[in-house]
Each structure stands twice: as C-alpha cells, then as structure tokens.
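Q: Structure below; questions to follow.
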Amino acid sequence: MGFLIDRRLQRVEKEISQAVIARLPRYFRYLGELKDQGRERISSRELSRLMHVTASQIRQDLNNFGGFGQQGYGYNVEYLYAEIGKILGLDKTHHLIIIGAGNLGQALANYMNFERRGFIFTGIFDINRELHGKKIRGIRVRPMEEMQRFVRENNIDIAVLTIPKDGAEAAAQKLTEAGIKAIWNFAHMDLDVPEYVQVENVHLSDSLIKLSYMINQYENGK
Ligand code: NAI
C-alpha cells in the first residue's frame, strides 16, 4: 500500500507545475502549525482565510496530489501534512554544515526551527583562525581544511554558504568534490556546479526590493 502511494506520488510529482511546488512549503508550514495546535481537519475555506489565498486555488493545488480532501469533511491535517512533507523530501533527515561563521552564519546556526523540519545543524567552518574553537549552539567552529573530511565522514548532504562572493566559487568546488548534494547559497553570486548538486540561491535584498515595488504600486494605485 505504502509502495503504491509512493509510486503514485513519484508519478504525480513529475507532472505538477513549478508554481505549485513553490507554494508547497507554505502549505506545509501552515499545516504544521495547525497540527501543533491539535487540529484534526480543516476546510479549504478556512485554510484559504488563514493563508490569504482563494479556496479554489487551494483545491486546485491540492487536487494535484490526488485530492486529499473529502466532500463535507475538508482536509485531514495530519495526513496532508505528512503527504506534502513526503513530496518535499521532509520525511528524511538532512545534515547540514555552514560555511562562514560570521553574522549570517551564526544567526542561521542559532535558529533552532530548522531542526524541527529535519535539518540537523552538524558543523560550521570558517577561514578566520580567531573563530576556530568558538562554540555556536554547542558546535565548535572548525577550520576549512577539515571541511571535506567532515562532509565525507558525517553524511552531510547540505551546505549553507554564508561567505563573501570572492571565496564562494572555490568553496562550492570543494564541497562538490567532497560529495555535497545541495547548497543553500547566500553568497551574492551564481555558482557553477555540476547538475547533480542542487543550488537554492537566497537574496534577502531581492525580497526587500520587491517590497519597495509593492509600496510604489499601492501608492500609485490610490
Ligand atoms: P561576516 O563578515 O560577518 O561573515 C563572513 C564570514 O565568512 C567571516 O567569518 C569570514 O571569516 C568567513 N569567510 C570568508 N571567506 C571565507 C571562505 N572562503 N571560507 C570560509 N569562511 C570564509 O558577513 P555576514 O554578514 O555574515 O555575511 C556573509 C555573506 O553573506 C556576505 O558576503 C554578504 O554579502 C552575504 N549576505 C547575503 C545575504 C542574502 O540575502 N543573500 C544577506 C546577508 C548577507
């Protein structure tokens, strides 16, 4: 049965649009909160009010996964949360390291909530000798020279890159050689890595600029 569901999800995943995939983490987050509150089920209308998207959008999105909802009952929160989690690969644990123990690297290391989603902060590395040995959430900052061995020996699949762009390409190359599967890239540059290394670029400034655009749009439309 589980096998059949997995096969169905694999097939469905290939067909659903990137736009729907991009919305899944948000559904996952809201459903996680509802689950934590002990909610058993929710209607598309109530979910729509919570998430500020239309109920029809929710029904359309979730229908992509074989219609998890039931007429007159709504969605089973725990089931939907688990199924979306599977699609997002969050039913597995990921071990991550941070490259760059500066402001941003330390802030991310100190944010405990990633662990609740199965992302385990395992190591942090920096070229600055003064930082070596300093403990961040109980984990000591190590020199970059130890990074490749650490990745191989500790089953690390994700690296978070929080260093200036000058060193980013070389760091990405070393991570690739060590067998990293994915890079969460905060450095302000596009990384040139093989296709089997997944990269998610994060630019907080893009989001801030978008906000400025939204202010403009709103004020011009008044
Ligand atoms: P920071 O200067 O506090 O920390 C950078 C750390 O990286 C330092 O500890 C430094 O020793 C280390 N480092 C430098 N080169 C390295 C290398 N090749 N290997 C390992 N460690 C290395 O800077 P902060 O504020 O933490 O920002 C880090 C980077 O992230 C900056 O380049 C900044 O532009 C970028 N950034 C990106 C954001 C985004 O949204 N994408 C937001 C904020 C910062």
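Q: Can you check what the Kirkwood hydrodynamic radius comes to for segment 94-206, Cα pairs only, in Å to one decimal?
A: Hydrodynamic radius (Kirkwood, Cα only) of segment 94-206 equals 13.9 Å.
Q: On average, how much accessible surface per residue is there in the chain, in Å², for a 1.4 Å probe, leaving out ligands, DNA and RNA?
A: Result: 63 Å² of accessible area for each residue.
Q: What translational D, rounded to a whole number of µm²/s, comes out for the chain from Stokes-Einstein when the hydrodynamic radius is the Kirkwood one over Cα pairs, at 37 °C and 0.692 mPa s?
A: 165
Q: Kindly work out what percent of the DSSP beta bridges joining two residues of the chain are antiparallel, to the nearest 5.
A: Within the chain, antiparallel bridges account for around 20 percent of the total.
Q: What does the highest-first list of 152-160, 133-141 look like by mean Cβ count within 10 Å?
A: The densest-packed peptide leads the list: 152-160, 133-141.
Q: In addition: Among the lysines, which have Cα under 26 Å from the Cα of Lys174 when same-chain residues fewer than 8 positions away are ignored?
A: Lys92, Lys134, Lys135, Lys165
Q: Sticking with this one: Could you work out the relative contact order of the chain? I mean the mean sequence separation of Cα pairs under 8 Å and 6+ apart, divided by the number of residues, in percent.
A: 13 percent.
Q: Take the solvent-accessible surface of the protein heavy atoms, probe 1.4 Å, and return the percent of it on the chain that carbon and sulfur atoms account for.
A: 50
Q: Which helices, counted as full DSSP H runs in the chain, have an axial Cα extent of no less than 27 Å and a Kyte-Doolittle average of -0.5 or above?
A: Helices meeting the span and hydropathy rule in the chain are 18-36.
Q: Using a 1.4 angstrom probe with every protein chain in place, what is the largest-first accessible-area order of Phe119, Phe125, Phe150?
A: Phe119, Phe150, Phe125
The values are calculated or read from the model by the stated rules, or taken from the named source; none is laboratory data. Remember, it's a predicted structure, so these values are computed and weren't measured experimentally. When we count neighbours, we look across all protein chains shown, and the Cβ atoms used for this are built from the backbone with ideal geometry, even at glycine. We work out accessible area using only protein heavy atoms, side chains counted, and drop any ligands, DNA or RNA first. Shrake-Rupley method; radii C 1.70, N 1.55, O 1.52, S 1.80 Å.
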